[in-house]
Amino acid sequence: MNVGRGKRFFRTPAGIRCMDEGMPRRHFTVVEINRMIPELEVIFTEVIQLHAGMRRAEVRLSQLGCSATREVLSGEDDGGSPELRMAKGMLRGFYEALVDGLGRVADLGGEVKDLEVGVVDFPGRRGSEEICLCWKLGEKRLGHWHTGASGWAGRRPIDHLVPLEPSPLD
């Protein structure tokens, strides 16, 4: 399963959904993201552990002759031996907790780019240009941005054109 790579999530009464690209975007500043870093660190510490647990549960399912399908994750396929049912339940539990963690990042306004190392992009501006303000787990302060097209490989240091603080009109 490739959960969380390059996907943006939002919460609805029906649960977590992938964000529609047509939705309006809020633009963040460096100071706003720096204030969120302690919370992002907590979330990603949990998410990385959940992802590892989910991988172990997938391996166990495979050993039992089953794969992690949409039906298994949704609970529609809960048959099999007691051991298989338990393995399916463990996978579902990890998956649901992982999606909740990704939803918490989305609630903050971030887009998870790499779940395994903890990379999050936040929409921002550099002058009149739309950019991504890029934070990685372990960084104590936001220090980089990139264009949407260049991604991680195009990361550049924050410069004077990236707003540090919200303007009075925001």
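The values are calculated or read from the model by the stated rules, or taken from the named source; none is laboratory data. This is a predicted model, so every value here is computed, not measured. Cβ atoms come from the backbone with ideal geometry, glycine included; neighbour counts cover every protein chain shown. Quick note on the areas: whole protein, heavy atoms, side chains included, nothing else; ligands and nucleic acids left out. Shrake-Rupley method; radii C 1.70, N 1.55, O 1.52, S 1.80 Å.
Residue 75 satisfies every condition listed in (1) at positive phi; (2) open to solvent by 40 Å² or more (accessible area, probe 1.4 Å) except (2).
With respect to the stated conditions, residue 166 is loosely packed, with under 15 Cβ neighbours inside 10 Å, farther than 24 Å from residue 43 by Cα and touching a residue at least 60 places away in the same chain (Cβ under 8 Å). Give the residues of region 42-57 that are more than 22 Å from residue 113 (Cβ to Cβ) and open to solvent by less than 80 Å² (accessible area, probe 1.4 Å), sorted by residue number. Once the filter is applied, which keeps residues that are more than 22 Å from residue 113 (Cβ to Cβ) and open to solvent by less than 80 Å² (accessible area, probe 1.4 Å), region 42-57 yields only 57.
Scanning region 68-124 for residues that are closer than 14 Å to residue 53 by Cβ and under 11 Å from the mean Cα position of the chain (by Cα) gives 98, 99, 100, 101, 115, 116.
When each of 113, 88 is tested for being open to solvent by less than 40 Å² (accessible area, probe 1.4 Å) and of a type in the set (Lys, Arg), the lone residue that passes is 88.
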